[in-house]
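In what follows, a single structure is set out as C-alpha coordinates and then discussed.
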Amino acid sequence: MALDNIAFNDEGYMTDPNVWNKEIAVELAKKEGIELTDAHWKVIEFCRESAKDSGKAPTLRQITKGVGITTKELFGLFPKGPAKKVAKIAGLGKPEGCV
Amino acid sequence: MKTFLILGAGTGGTMVANKMAAALDPQEWRIIIVDRDEKHYYQPGFLFIPFGIYSPNEVVKPKRNFLPPQVEVIFSDIELIEPEKNRVRLGKAKKTINYDYLVISTGSHIHPEETPGLDDEASWLKNIFPFYTLEGATELSNFLKYWKGGRMVLNIAEMPIKCPVAPLEFLFLADWFFQERGIRDKVEIVFATPLPGAFTKPRASSVLGGMLDDKGVALEADFNIMEVDTTKQVIRSYDEKEIAYDLLVTIPTNMGAEVIGNSGMGDELNFVPTNKHTLQTDKWENVWIIGDAGNVPASKAGSVAHFMLDVVIENILRHMEGLDPLPKFDGHANCYIESGFEKGVLIDFNYDVEPLPGKYPLPGFGPFSLLQESHTNHWGKMMFRWMYWNILLKGGEMPFESQMSMAGKWA
(Lines give C-alpha, C1' and ligand atoms only; values in the text may rest on other atoms or scores of the structure.)
Protein backbone atom coordinates (compact mmCIF):
# COMPACT_ATOMS: atom_id res chain seq x y z
CA MET A 1 0.00 0.00 0.00
CA ALA A 2 1.23 3.47 -0.89
CA LEU A 3 0.25 4.82 2.53
CA ASP A 4 2.17 2.25 4.60
CA ASN A 5 4.87 3.84 6.75
CA ILE A 6 3.74 7.39 6.00
CA ALA A 7 3.54 9.69 9.02
CA PHE A 8 0.55 11.99 9.50
CA ASN A 9 -0.18 14.60 12.15
CA ASP A 10 -3.35 14.72 14.29
CA GLU A 11 -5.24 16.59 11.60
CA GLY A 12 -4.32 14.15 8.87
CA TYR A 13 -1.60 16.14 7.09
CA MET A 14 1.62 14.37 6.06
CA THR A 15 4.46 15.42 8.32
CA ASP A 16 7.17 15.18 5.65
CA PRO A 17 6.30 16.58 2.19
CA ASN A 18 9.50 15.08 0.77
CA VAL A 19 8.27 11.49 0.93
CA TRP A 20 5.16 12.38 -1.10
CA ASN A 21 4.65 10.87 -4.54
CA LYS A 22 1.80 10.53 -7.04
CA GLU A 23 0.66 7.11 -5.82
CA ILE A 24 0.30 8.55 -2.33
CA ALA A 25 -1.76 11.43 -3.76
CA VAL A 26 -4.11 8.99 -5.49
CA GLU A 27 -4.67 7.08 -2.23
CA LEU A 28 -5.12 10.26 -0.15
CA ALA A 29 -7.60 11.59 -2.70
CA LYS A 30 -9.59 8.34 -2.51
CA LYS A 31 -9.86 8.82 1.25
CA GLU A 32 -11.41 12.22 0.54
CA GLY A 33 -13.76 10.61 -1.99
CA ILE A 34 -12.04 12.23 -4.99
CA GLU A 35 -11.00 10.53 -8.24
CA LEU A 36 -8.09 12.57 -9.61
CA THR A 37 -8.40 13.97 -13.15
CA ASP A 38 -6.04 16.20 -15.16
CA ALA A 39 -7.76 19.28 -13.73
CA HIS A 40 -7.03 18.02 -10.21
CA TRP A 41 -3.39 17.35 -11.07
CA LYS A 42 -2.94 20.86 -12.41
CA VAL A 43 -3.98 22.22 -9.02
CA ILE A 44 -1.91 19.70 -7.07
CA GLU A 45 1.19 20.45 -9.12
CA PHE A 46 0.73 24.18 -8.63
CA CYS A 47 0.50 23.65 -4.87
CA ARG A 48 3.62 21.50 -4.79
CA GLU A 49 5.57 24.12 -6.76
CA SER A 50 4.23 26.97 -4.66
CA ALA A 51 5.16 25.17 -1.42
CA LYS A 52 8.64 24.46 -2.75
CA ASP A 53 9.21 28.22 -3.11
CA SER A 54 7.47 29.48 0.01
CA GLY A 55 7.75 26.52 2.38
CA LYS A 56 4.01 26.45 2.98
CA ALA A 57 0.77 25.36 1.36
CA PRO A 58 -0.89 28.09 -0.73
CA THR A 59 -4.14 29.72 0.32
CA LEU A 60 -7.34 29.49 -1.69
CA ARG A 61 -6.78 32.87 -3.32
CA GLN A 62 -3.21 31.96 -4.25
CA ILE A 63 -4.44 28.77 -5.90
CA THR A 64 -7.20 30.36 -7.99
CA LYS A 65 -4.87 33.14 -9.10
CA GLY A 66 -1.93 30.82 -9.76
CA VAL A 67 -3.86 28.08 -11.61
CA GLY A 68 -6.19 30.51 -13.38
CA ILE A 69 -9.50 28.94 -12.35
CA THR A 70 -12.49 30.36 -10.53
CA THR A 71 -13.19 29.66 -6.89
CA LYS A 72 -16.37 27.88 -7.98
CA GLU A 73 -14.40 25.51 -10.24
CA LEU A 74 -11.94 24.84 -7.45
CA PHE A 75 -14.78 23.92 -5.11
CA GLY A 76 -16.10 21.62 -7.85
CA LEU A 77 -12.78 19.77 -7.92
CA PHE A 78 -12.16 19.69 -4.18
CA PRO A 79 -15.51 20.13 -2.41
CA LYS A 80 -15.92 21.93 0.93
CA GLY A 81 -12.48 23.25 1.88
CA PRO A 82 -10.37 23.13 -1.31
CA ALA A 83 -7.23 24.76 0.11
CA LYS A 84 -7.09 22.32 3.00
CA LYS A 85 -8.10 19.34 0.88
CA VAL A 86 -5.47 19.96 -1.81
CA ALA A 87 -2.82 20.56 0.84
CA LYS A 88 -3.67 17.19 2.36
CA ILE A 89 -3.60 15.36 -0.97
CA ALA A 90 -0.42 17.16 -2.06
CA GLY A 91 1.36 16.06 1.12
CA LEU A 92 1.73 19.62 2.45
CA GLY A 93 0.95 21.15 5.85
CA LYS A 94 -2.28 22.90 6.70
CA PRO A 95 -2.56 26.27 4.89
CA GLU A 96 -1.73 29.09 7.29
CA GLY A 97 -4.67 31.27 6.28
CA CYS A 98 -6.85 29.78 8.97
CA VAL A 99 -5.49 31.37 12.15
CA MET B 1 18.90 64.20 10.46
CA LYS B 2 17.54 60.70 9.85
CA THR B 3 13.87 59.84 9.49
CA PHE B 4 11.93 57.11 11.21
CA LEU B 5 8.57 56.86 9.48
CA ILE B 6 5.51 55.02 10.75
CA LEU B 7 2.48 54.47 8.51
CA GLY B 8 -0.74 54.02 10.46
CA ALA B 9 -1.45 55.31 13.97
CA GLY B 10 -3.65 52.49 15.23
CA THR B 11 -2.73 50.18 18.10
CA GLY B 12 0.58 48.99 16.60
CA GLY B 13 1.81 52.27 15.11
CA THR B 14 1.00 54.28 18.23
CA MET B 15 2.89 51.84 20.46
CA VAL B 16 5.91 51.93 18.12
CA ALA B 17 5.89 55.76 18.09
CA ASN B 18 5.93 55.85 21.88
CA LYS B 19 8.70 53.27 22.22
CA MET B 20 10.84 54.84 19.51
CA ALA B 21 10.43 58.35 20.93
CA ALA B 22 11.99 57.02 24.13
CA ALA B 23 14.71 55.04 22.35
CA LEU B 24 15.98 57.38 19.61
CA ASP B 25 18.14 60.48 20.09
CA PRO B 26 16.05 63.53 19.04
CA GLN B 27 19.22 65.30 17.84
CA GLU B 28 19.75 62.54 15.35
CA TRP B 29 16.29 61.28 14.44
CA ARG B 30 12.98 62.74 13.56
CA ILE B 31 9.97 60.47 14.01
CA ILE B 32 6.96 60.92 11.75
CA ILE B 33 3.66 59.08 11.93
CA VAL B 34 1.01 59.27 9.22
CA ASP B 35 -2.66 58.36 9.44
CA ARG B 36 -5.69 59.42 7.42
CA ASP B 37 -7.99 59.49 10.45
CA GLU B 38 -7.65 61.81 13.44
CA LYS B 39 -9.66 59.46 15.63
CA HIS B 40 -8.32 56.44 17.47
CA TYR B 41 -10.85 53.63 17.71
CA TYR B 42 -10.80 51.10 20.53
CA GLN B 43 -11.73 48.30 18.16
CA PRO B 44 -12.34 45.57 20.79
CA GLY B 45 -15.16 47.82 22.00
CA PHE B 46 -17.08 47.59 18.69
CA LEU B 47 -18.34 44.15 19.77
CA PHE B 48 -20.30 45.63 22.68
CA ILE B 49 -22.00 48.42 20.77
CA PRO B 50 -24.72 46.36 19.01
CA PHE B 51 -25.94 45.21 22.43
CA GLY B 52 -25.94 48.67 24.01
CA ILE B 53 -23.17 47.75 26.47
CA TYR B 54 -20.88 50.50 25.14
CA SER B 55 -21.96 53.65 23.38
CA PRO B 56 -20.01 54.84 20.31
CA ASN B 57 -18.37 57.74 22.18
CA GLU B 58 -16.78 55.32 24.66
CA VAL B 59 -14.57 53.79 21.99
CA VAL B 60 -13.24 56.91 20.22
CA LYS B 61 -10.57 59.38 21.31
CA PRO B 62 -8.25 61.78 19.44
CA LYS B 63 -5.12 60.03 18.14
CA ARG B 64 -2.92 62.95 19.12
CA ASN B 65 -3.58 62.28 22.83
CA PHE B 66 -1.67 59.01 22.67
CA LEU B 67 1.38 60.20 20.75
CA PRO B 68 4.40 61.82 22.39
CA PRO B 69 4.95 65.55 21.69
CA GLN B 70 8.26 65.05 19.84
CA VAL B 71 6.60 62.86 17.21
CA GLU B 72 5.47 64.69 14.09
CA VAL B 73 1.91 63.65 13.26
CA ILE B 74 0.58 64.04 9.73
CA PHE B 75 -3.08 63.40 9.00
CA SER B 76 -3.19 62.39 5.38
CA ASP B 77 -3.90 59.45 3.13
CA ILE B 78 -0.91 57.62 1.71
CA GLU B 79 -0.71 57.59 -2.06
CA LEU B 80 2.25 55.33 -2.71
CA ILE B 81 5.07 53.57 -0.89
CA GLU B 82 8.27 53.24 -2.91
CA PRO B 83 10.45 50.89 -0.87
CA GLU B 84 13.17 50.71 -3.52
CA LYS B 85 13.58 54.48 -3.24
CA ASN B 86 12.97 54.68 0.51
CA ARG B 87 10.21 57.18 0.14
CA VAL B 88 6.47 57.57 0.66
CA ARG B 89 4.15 59.87 -1.24
CA LEU B 90 1.26 61.36 0.70
CA GLY B 91 -2.02 62.36 -0.94
CA LYS B 92 -3.87 65.04 1.00
CA ALA B 93 -0.71 66.40 2.66
CA LYS B 94 0.85 66.70 -0.84
CA LYS B 95 4.37 65.79 0.17
CA THR B 96 6.97 63.10 -0.20
CA ILE B 97 8.79 61.75 2.82
CA ASN B 98 12.19 60.12 2.46
CA TYR B 99 12.83 57.64 5.22
CA ASP B 100 15.71 55.67 6.71
CA TYR B 101 13.44 53.24 8.50
CA LEU B 102 9.82 52.44 7.80
CA VAL B 103 7.31 50.66 10.03
CA ILE B 104 4.08 49.63 8.33
CA SER B 105 1.12 49.44 10.69
CA THR B 106 -1.72 50.07 8.29
CA GLY B 107 -3.86 47.25 9.70
CA SER B 108 -6.62 45.27 8.05
CA HIS B 109 -10.10 46.30 6.98
CA ILE B 110 -13.33 44.71 5.83
CA HIS B 111 -14.20 44.44 2.13
CA PRO B 112 -17.86 43.51 1.62
CA GLU B 113 -17.53 44.16 -2.12
CA GLU B 114 -15.47 40.94 -2.38
CA THR B 115 -18.67 38.90 -1.95
CA PRO B 116 -21.31 39.45 -4.66
CA GLY B 117 -24.55 40.82 -3.23
CA LEU B 118 -23.18 41.49 0.24
CA ASP B 119 -22.94 45.26 -0.16
CA ASP B 120 -26.26 45.47 -2.05
CA GLU B 121 -27.48 49.00 -1.44
CA ALA B 122 -31.04 48.08 -0.53
CA SER B 123 -29.88 45.68 2.19
CA TRP B 124 -26.53 47.01 3.48
CA LEU B 125 -27.08 48.49 6.94
CA LYS B 126 -30.82 47.65 6.55
CA ASN B 127 -30.82 43.92 7.31
CA ILE B 128 -27.15 43.17 6.56
CA PHE B 129 -24.65 44.60 9.04
CA PRO B 130 -20.97 44.27 9.81
CA PHE B 131 -19.83 45.00 13.37
CA TYR B 132 -16.14 45.48 12.55
CA THR B 133 -16.70 49.18 11.83
CA LEU B 134 -18.05 51.78 14.21
CA GLU B 135 -20.76 52.69 11.71
CA GLY B 136 -21.86 49.08 11.23
CA ALA B 137 -21.88 48.34 14.95
CA THR B 138 -23.87 51.49 15.68
CA GLU B 139 -26.45 50.85 12.95
CA LEU B 140 -26.80 47.26 14.15
CA SER B 141 -27.42 48.52 17.66
CA ASN B 142 -30.32 50.65 16.38
CA PHE B 143 -31.70 47.67 14.48
CA LEU B 144 -31.48 45.22 17.39
CA LYS B 145 -33.15 47.60 19.82
CA TYR B 146 -36.49 47.18 18.06
CA TRP B 147 -36.09 43.84 16.29
CA LYS B 148 -39.03 41.52 16.83
CA GLY B 149 -37.05 38.37 16.14
CA GLY B 150 -36.50 35.94 13.30
CA ARG B 151 -33.47 34.13 11.96
CA MET B 152 -30.13 35.81 12.62
CA VAL B 153 -27.24 34.40 10.62
CA LEU B 154 -23.67 35.30 11.49
CA ASN B 155 -21.32 34.60 8.60
CA ILE B 156 -17.55 34.72 8.24
CA ALA B 157 -16.77 35.26 4.54
CA GLU B 158 -13.22 33.92 4.54
CA MET B 159 -10.17 33.56 6.74
CA PRO B 160 -8.02 35.20 7.97
CA ILE B 161 -10.06 37.76 9.89
CA LYS B 162 -9.22 40.29 12.54
CA CYS B 163 -9.83 38.93 16.05
CA PRO B 164 -11.01 35.40 15.14
CA VAL B 165 -12.85 35.02 18.48
CA ALA B 166 -15.04 38.12 17.98
CA PRO B 167 -17.69 36.23 15.96
CA LEU B 168 -18.09 33.74 18.83
CA GLU B 169 -18.33 36.54 21.36
CA PHE B 170 -20.98 38.16 19.21
CA LEU B 171 -23.02 34.94 19.26
CA PHE B 172 -22.68 34.49 23.03
CA LEU B 173 -23.66 38.11 23.67
CA ALA B 174 -26.56 37.88 21.23
CA ASP B 175 -27.95 34.88 23.14
CA TRP B 176 -27.69 36.90 26.37
CA PHE B 177 -29.11 40.07 24.79
CA PHE B 178 -32.19 38.35 23.33
CA GLN B 179 -32.87 36.67 26.68
CA GLU B 180 -32.64 40.05 28.43
CA ARG B 181 -35.06 41.48 25.88
CA GLY B 182 -37.39 38.52 26.44
CA ILE B 183 -37.39 37.44 22.79
CA ARG B 184 -34.86 34.58 22.82
CA ASP B 185 -37.63 32.11 21.89
CA LYS B 186 -38.39 34.20 18.81
CA VAL B 187 -34.81 34.30 17.56
CA GLU B 188 -33.03 31.51 15.76
CA ILE B 189 -29.26 31.97 15.78
CA VAL B 190 -27.12 30.36 13.07
CA PHE B 191 -23.33 30.53 12.74
CA ALA B 192 -22.10 29.88 9.18
CA THR B 193 -18.30 29.61 9.06
CA PRO B 194 -15.74 28.41 6.50
CA LEU B 195 -13.88 26.68 9.35
CA PRO B 196 -14.54 23.02 10.16
CA GLY B 197 -15.70 24.02 13.67
CA ALA B 198 -16.23 26.91 16.07
CA PHE B 199 -12.60 28.08 16.11
CA THR B 200 -9.28 27.64 14.34
CA LYS B 201 -7.52 25.60 17.05
CA PRO B 202 -8.85 22.08 17.85
CA ARG B 203 -9.06 22.08 21.67
CA ALA B 204 -10.49 25.57 21.96
CA SER B 205 -12.82 24.72 19.07
CA SER B 206 -14.32 21.83 21.00
CA VAL B 207 -14.80 23.84 24.23
CA LEU B 208 -16.24 26.85 22.40
CA GLY B 209 -18.33 24.62 20.12
CA GLY B 210 -19.84 23.03 23.24
CA MET B 211 -20.73 26.50 24.52
CA LEU B 212 -22.47 27.32 21.24
CA ASP B 213 -24.49 24.12 21.64
CA ASP B 214 -25.46 25.03 25.20
CA LYS B 215 -26.64 28.43 24.06
CA GLY B 216 -28.72 26.99 21.25
CA VAL B 217 -26.64 28.34 18.38
CA ALA B 218 -26.76 26.18 15.25
CA LEU B 219 -23.33 25.68 13.68
CA GLU B 220 -23.00 25.45 9.87
CA ALA B 221 -19.34 24.50 9.47
CA ASP B 222 -17.37 24.37 6.18
CA PHE B 223 -19.68 27.02 4.72
CA ASN B 224 -17.78 29.01 2.10
CA ILE B 225 -19.94 31.88 0.97
CA MET B 226 -20.15 32.52 -2.77
CA GLU B 227 -22.89 35.17 -2.84
CA VAL B 228 -25.73 36.83 -1.03
CA ASP B 229 -29.11 36.63 -2.73
CA THR B 230 -30.87 39.61 -1.19
CA THR B 231 -34.13 38.96 -3.08
CA LYS B 232 -34.54 35.46 -1.64
CA GLN B 233 -32.73 36.50 1.57
CA VAL B 234 -30.31 33.59 1.48
CA ILE B 235 -26.56 33.24 1.56
CA ARG B 236 -25.28 30.65 -0.91
CA SER B 237 -22.05 28.66 -0.69
CA TYR B 238 -19.76 27.52 -3.51
CA ASP B 239 -21.24 24.05 -3.15
CA GLU B 240 -24.76 25.48 -3.57
CA LYS B 241 -25.88 25.22 0.03
CA GLU B 242 -28.38 27.94 1.00
CA ILE B 243 -29.02 29.44 4.40
CA ALA B 244 -32.00 31.77 4.79
CA TYR B 245 -31.73 34.89 6.96
CA ASP B 246 -33.90 37.69 8.26
CA LEU B 247 -30.88 39.44 9.72
CA LEU B 248 -27.41 38.83 8.32
CA VAL B 249 -24.46 39.84 10.48
CA THR B 250 -21.35 39.58 8.34
CA ILE B 251 -17.62 39.47 8.85
CA PRO B 252 -16.60 40.30 5.27
CA THR B 253 -13.25 39.46 3.68
CA ASN B 254 -10.43 41.19 5.57
CA MET B 255 -7.65 42.80 3.56
CA GLY B 256 -4.61 44.94 4.19
CA ALA B 257 -4.53 48.59 3.15
CA GLU B 258 -5.10 49.37 -0.52
CA VAL B 259 -1.87 51.39 -0.67
CA ILE B 260 0.02 48.15 0.03
CA GLY B 261 -1.54 46.60 -3.07
CA ASN B 262 -1.10 49.74 -5.16
CA SER B 263 2.57 49.87 -4.18
CA GLY B 264 3.07 46.25 -5.24
CA MET B 265 4.15 45.26 -1.72
CA GLY B 266 1.41 42.82 -0.76
CA ASP B 267 0.08 39.32 -1.35
CA GLU B 268 -3.39 38.46 -2.74
CA LEU B 269 -5.02 40.12 0.27
CA ASN B 270 -2.66 43.13 0.42
CA PHE B 271 -0.75 41.78 3.40
CA VAL B 272 3.02 42.40 3.28
CA PRO B 273 5.15 39.22 3.20
CA THR B 274 7.03 39.30 6.50
CA ASN B 275 9.34 37.06 8.49
CA LYS B 276 7.05 35.60 11.13
CA HIS B 277 9.74 35.50 13.84
CA THR B 278 11.71 38.73 13.25
CA LEU B 279 8.89 40.95 11.82
CA GLN B 280 11.22 42.27 9.13
CA THR B 281 9.63 42.36 5.67
CA ASP B 282 10.94 39.66 3.34
CA LYS B 283 12.08 42.08 0.64
CA TRP B 284 13.27 45.29 2.32
CA GLU B 285 15.61 45.21 5.30
CA ASN B 286 14.71 48.70 6.55
CA VAL B 287 10.96 48.03 6.35
CA TRP B 288 9.27 46.41 9.36
CA ILE B 289 5.78 45.32 10.29
CA ILE B 290 3.62 45.44 13.38
CA GLY B 291 0.05 44.24 13.80
CA ASP B 292 -2.28 43.11 11.03
CA ALA B 293 -0.41 44.63 8.07
CA GLY B 294 1.94 41.67 7.58
CA ASN B 295 1.16 38.14 6.42
CA VAL B 296 2.46 36.47 9.59
CA PRO B 297 0.18 33.55 10.52
CA ALA B 298 -0.67 34.91 13.98
CA SER B 299 -4.08 36.16 15.06
CA LYS B 300 -4.87 39.67 13.90
CA ALA B 301 -5.49 41.30 17.26
CA GLY B 302 -4.30 44.10 19.52
CA SER B 303 -2.80 41.66 22.01
CA VAL B 304 -0.69 40.18 19.22
CA ALA B 305 0.48 43.66 18.14
CA HIS B 306 1.42 44.24 21.76
CA PHE B 307 3.42 41.01 21.95
CA MET B 308 5.12 41.95 18.66
CA LEU B 309 6.13 45.35 20.00
CA ASP B 310 9.20 44.47 22.07
CA VAL B 311 10.47 42.15 19.35
CA VAL B 312 10.14 44.64 16.51
CA ILE B 313 11.67 47.49 18.53
CA GLU B 314 14.62 45.39 19.65
CA ASN B 315 15.21 44.14 16.12
CA ILE B 316 15.08 47.60 14.56
CA LEU B 317 17.51 48.93 17.16
CA ARG B 318 19.78 45.94 16.51
CA HIS B 319 19.58 46.58 12.77
CA MET B 320 20.62 50.21 13.36
CA GLU B 321 23.72 48.82 15.10
CA GLY B 322 24.44 46.48 12.20
CA LEU B 323 23.35 43.35 14.07
CA ASP B 324 21.10 40.55 12.78
CA PRO B 325 17.48 40.52 13.94
CA LEU B 326 16.53 37.93 16.56
CA PRO B 327 13.76 35.43 15.73
CA LYS B 328 11.91 36.11 18.97
CA PHE B 329 8.28 36.56 18.00
CA ASP B 330 6.46 33.29 18.73
CA GLY B 331 2.96 34.16 17.51
CA HIS B 332 1.75 34.76 21.06
CA ALA B 333 -1.93 35.70 21.27
CA ASN B 334 -4.09 36.23 24.28
CA CYS B 335 -7.83 36.69 23.94
CA TYR B 336 -10.61 37.36 26.38
CA ILE B 337 -13.74 35.79 24.97
CA GLU B 338 -16.84 37.45 26.32
CA SER B 339 -19.45 34.71 26.80
CA GLY B 340 -22.48 36.62 28.09
CA PHE B 341 -24.06 36.90 31.56
CA GLU B 342 -20.93 38.70 32.80
CA LYS B 343 -18.71 35.73 32.18
CA GLY B 344 -15.77 35.20 29.92
CA VAL B 345 -13.23 32.66 28.72
CA LEU B 346 -9.53 33.42 28.29
CA ILE B 347 -7.25 31.73 25.78
CA ASP B 348 -3.49 32.02 25.45
CA PHE B 349 -1.55 30.44 22.57
CA ASN B 350 1.19 30.83 19.96
CA TYR B 351 2.37 29.45 16.60
CA ASP B 352 3.13 26.02 18.04
CA VAL B 353 0.98 25.57 21.13
CA GLU B 354 -2.80 25.65 20.89
CA PRO B 355 -4.92 27.14 23.72
CA LEU B 356 -4.78 24.92 26.81
CA PRO B 357 -6.61 24.97 30.15
CA GLY B 358 -4.83 26.41 33.22
CA LYS B 359 -4.36 29.67 35.14
CA TYR B 360 -2.99 33.01 33.85
CA PRO B 361 -0.82 35.05 34.14
CA LEU B 362 0.41 33.64 37.47
CA PRO B 363 0.75 29.83 37.27
CA GLY B 364 -1.62 28.05 39.66
CA PHE B 365 -3.08 31.31 40.94
CA GLY B 366 -4.48 33.22 38.01
CA PRO B 367 -6.59 35.22 38.67
CA PHE B 368 -7.75 34.33 35.17
CA SER B 369 -8.86 30.83 34.13
CA LEU B 370 -7.76 29.57 30.75
CA LEU B 371 -10.19 27.85 28.40
CA GLN B 372 -12.93 27.94 31.02
CA GLU B 373 -15.78 30.34 31.77
CA SER B 374 -15.47 32.64 34.79
CA HIS B 375 -16.69 36.00 36.07
CA THR B 376 -13.09 37.14 36.67
CA ASN B 377 -12.33 36.71 32.97
CA HIS B 378 -15.22 39.02 32.14
CA TRP B 379 -13.95 41.68 34.53
CA GLY B 380 -10.50 41.30 33.02
CA LYS B 381 -11.95 42.13 29.64
CA MET B 382 -13.86 45.13 30.99
CA MET B 383 -10.77 46.42 32.81
CA PHE B 384 -8.76 46.01 29.66
CA ARG B 385 -10.34 49.06 28.01
CA TRP B 386 -8.86 51.26 30.73
CA MET B 387 -5.48 49.55 30.38
CA TYR B 388 -5.60 50.00 26.62
CA TRP B 389 -6.11 53.76 26.72
CA ASN B 390 -3.87 54.45 29.71
CA ILE B 391 -1.02 51.96 29.53
CA LEU B 392 -0.84 49.83 26.42
CA LEU B 393 -0.95 52.51 23.71
CA LYS B 394 1.72 54.53 25.46
CA GLY B 395 4.03 51.53 25.45
CA GLY B 396 3.86 51.07 29.25
CA GLU B 397 4.61 47.84 31.09
CA MET B 398 1.78 45.31 30.96
CA PRO B 399 1.67 42.34 33.34
CA PHE B 400 2.00 39.86 30.45
CA GLU B 401 5.18 38.51 28.89
CA SER B 402 5.73 38.86 25.13
CA GLN B 403 6.67 35.21 24.72
CA MET B 404 4.09 32.59 25.62
CA SER B 405 4.77 30.51 28.73
CA MET B 406 3.72 26.92 29.45
CA ALA B 407 3.78 27.52 33.23
CA GLY B 408 0.37 26.99 34.82
CA LYS B 409 -1.04 25.12 31.81
CA TRP B 410 -2.21 21.54 31.58
CA ALA B 411 -1.06 19.99 28.33
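The values are calculated or read from the model by the stated rules, or taken from the named source; none is laboratory data. Note that this is a predicted model, so its numbers are computed, not measured. As a convention, Cβ positions derive from the backbone with ideal geometry for all residues, glycine included, and neighbour counts pool all protein chains shown.
Regarding the range B:24-40, can at least one residue be identified that is closer than 24 Å to B:ALA137 by Cβ, out of contact with any helix residue (DSSP H, G or I) (no Cβ under 8 Å at 6 or more places or on another chain) and in contact (Cβ under 8 Å) with a residue 24 or more places away in the chain?
Checked the range B:24-40: at least one residue is closer than 24 Å to B:ALA137 by Cβ, out of contact with any helix residue (DSSP H, G or I) (no Cβ under 8 Å at 6 or more places or on another chain) and in contact (Cβ under 8 Å) with a residue 24 or more places away in the chain.
Out of B:TYR360, B:TYR336, B:TYR388, report the one residue that is at pLDDT below 95, hydroxyl-bearing (Ser, Thr, Tyr) and closer than 30 Å to B:PHE4 by Cα.
Exactly one residue qualifies, and that residue is B:TYR388.
Per-residue answers, yes or no, for (1) of a type in the set (Val, Ile, Thr); (2) modelled with pLDDT under 95; (3) under 26 Å from B:GLU354 (Cα atoms):
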{"site": "B:GLY266", "(1), (2), (3)": "no, no, no"}
{"site": "B:LEU279", "(1), (2), (3)": "no, no, yes"}
{"site": "B:TRP284", "(1), (2), (3)": "no, no, no"}
{"site": "B:GLY294", "(1), (2), (3)": "no, no, yes"}
{"site": "B:LEU309", "(1), (2), (3)": "no, no, yes"}
{"site": "B:ILE313", "(1), (2), (3)": "yes, no, no"}
{"site": "B:HIS319", "(1), (2), (3)": "no, no, no"}
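What about B:ASP222, is it touching an Asp or Glu at 6+ places or on another chain (Cβ under 9 Å), surrounded by fewer than 20 Cβ atoms within 10 Å (Cβ to Cβ), touching a residue at least 24 places away in the same chain (Cβ under 8 Å) and closer than 24 Å to B:TRP124 by Cα? Lay out the reasoning, then the answer.
Values: touching an Asp or Glu at 6+ places or on another chain (Cβ under 9 Å): yes; surrounded by fewer than 20 Cβ atoms within 10 Å (Cβ to Cβ): yes; touching a residue at least 24 places away in the same chain (Cβ under 8 Å): yes; closer than 24 Å to B:TRP124 by Cα: no.
No.
What pairs come out if I take residues in the range B:111-124 that are exposed (fewer than 15 other Cβ atoms within 10 Å of the Cβ) and pair them with residues that are not in a helix (DSSP H, G or I) whose C-beta lies under 6 Å away, six or more apart or interchain?
Cβ pairs passing all conditions: B:GLU113/B:ASP119; B:PRO116/B:GLU227.
Considering the range B:258-279 alone, what residues qualify as being of a type in the set (Asp, Glu) and away from every other protein chain (no Cβ under 14 Å)?
Scanning the range B:258-279 gives a single hit, B:GLU258.
Given the criteria buried (at least 24 other Cβ atoms within 10 Å of the Cβ) and of a type in the set (Phe, Trp, Tyr), does B:PHE349 qualify?
Judged against the criteria, B:PHE349 is a match.
Can you name the number of the only condition in (1) at pLDDT below 95; (2) in contact with a strand residue (DSSP E or B) (Cβ under 7 Å, 6 or more places away or on another chain) that B:GLU58 fails?
(2)
All but one of (1) surrounded by 17 or more Cβ atoms within 10 Å (Cβ to Cβ); (2) more than 28 Å from B:SER369 (Cβ to Cβ) hold for B:ASP229, so report the exception by its number.
(1)
Could you grab me the full set of residues in the range B:108-136 that are assigned to a loop (DSSP other than H, G, I, E, B) and under 22 Å from the mean Cα position of the chain (by Cα)?
Within the range B:108-136, B:THR115, B:LEU118, B:ASP119, B:LEU125, B:PHE131, B:TYR132, B:THR133 qualify.
Return the total of residues in the range B:287-313 being in contact with a Leu (Cβ under 7 Å, 6 or more places away or on another chain) and assigned to a helix (DSSP H, G or I).
4
Within the range B:205-222, which residues are of a type in the set (Gly, Ala, Ser) and either away from chain A (no Cβ under 12 Å) or under 16 Å from B:TRP176 (Cβ atoms) (or both)?
B:SER206, B:GLY209, B:GLY210, B:GLY216, B:ALA218
Filter the range B:296-315 for residues that are touching a Gly at 6+ places or on another chain (Cβ under 6 Å) and within 14 Å of chain A (Cβ to nearest Cβ) and give the result.
Of all residues in the range B:296-315, those touching a Gly at 6+ places or on another chain (Cβ under 6 Å) come to B:298, B:305.
B:ALA298 - this is the single residue of the range B:296-315 that is touching a Gly at 6+ places or on another chain (Cβ under 6 Å) and within 14 Å of chain A (Cβ to nearest Cβ).
Of the residues B:ASP324, B:ASP282, only one is within 14 Å of another protein chain (Cβ to nearest Cβ) and either touching a residue at least 40 places away in the same chain (Cβ under 8 Å) or within 23 Å of B:ASN86 (Cα to Cα) (or both); which?
B:ASP282
Only one residue in B:GLU158, B:GLU139, B:GLU188, B:GLU169 is charged (D, E, K, R), in a helix (DSSP H, G or I) and either at pLDDT below 95 or farther than 30 Å from A:GLU96 by Cα (or both). Which one?
None of the others qualify; the one that does is B:GLU139.
Please enumerate the residues belonging to the range A:37-74 that are within 18 Å of B:TYR238 (Cβ to Cβ) and either in contact with a strand residue (DSSP E or B) (Cβ under 8 Å, 6 or more places away or on another chain) or of a type in the set (Asp, Glu) (or both).
A:THR71, A:LYS72, A:GLU73
May I ask you to verify whether A:PRO58 is facing another protein chain (nearest Cβ under 9 Å) and in contact with a helix residue (DSSP H, G or I) (Cβ under 8 Å, 6 or more places away or on another chain)?
No; evaluated as a whole, the condition is false for this residue.
Read through the list (1) in the same structural domain as B:LEU90 (by TED's automatic domain parsing); (2) closer than 24 Å to B:THR11 by Cα, then give the number of the only condition that B:ASP348 fails.
(1)
Give the residue that is nearest to the other protein chains (Cβ to nearest Cβ), with candidates limited to residues of the range B:126-182 that are hydroxyl-bearing (Ser, Thr, Tyr) and touching a residue at least 24 places away in the same chain (Cβ under 8 Å).
B:TYR132
Quick test of your reading of the structure: A:VAL26 fulfils all but one of (1) β-branched (Val, Ile, Thr); (2) outside any helix (DSSP H, G or I); (3) surrounded by fewer than 17 Cβ atoms within 10 Å (Cβ to Cβ). Name the failing condition by number.
For A:VAL26, the failing item is (2).
Could you tell me whether any residue of the range A:75-85 is more than 10 Å from chain B (Cβ to nearest Cβ), outside any helix (DSSP H, G or I) and of a type in the set (Gly, Ala, Ser)?
No, because not a single residue in the range A:75-85 is more than 10 Å from chain B (Cβ to nearest Cβ), outside any helix (DSSP H, G or I) and of a type in the set (Gly, Ala, Ser).
With the range B:331-411 as the region, which strands (runs of 3 or more DSSP E) entirely inside it contain at least 3 residues that are in contact (Cβ under 8 Å) with a residue 40 or more places away in the chain and under 21 Å from the mean Cα position of the chain (by Cα)? Even if it seems obvious, please write down each step before you answer.
Working: elements: B:333-340, B:343-349, B:358-362, B:366-370.
Correct list: B:333-340, B:343-349.
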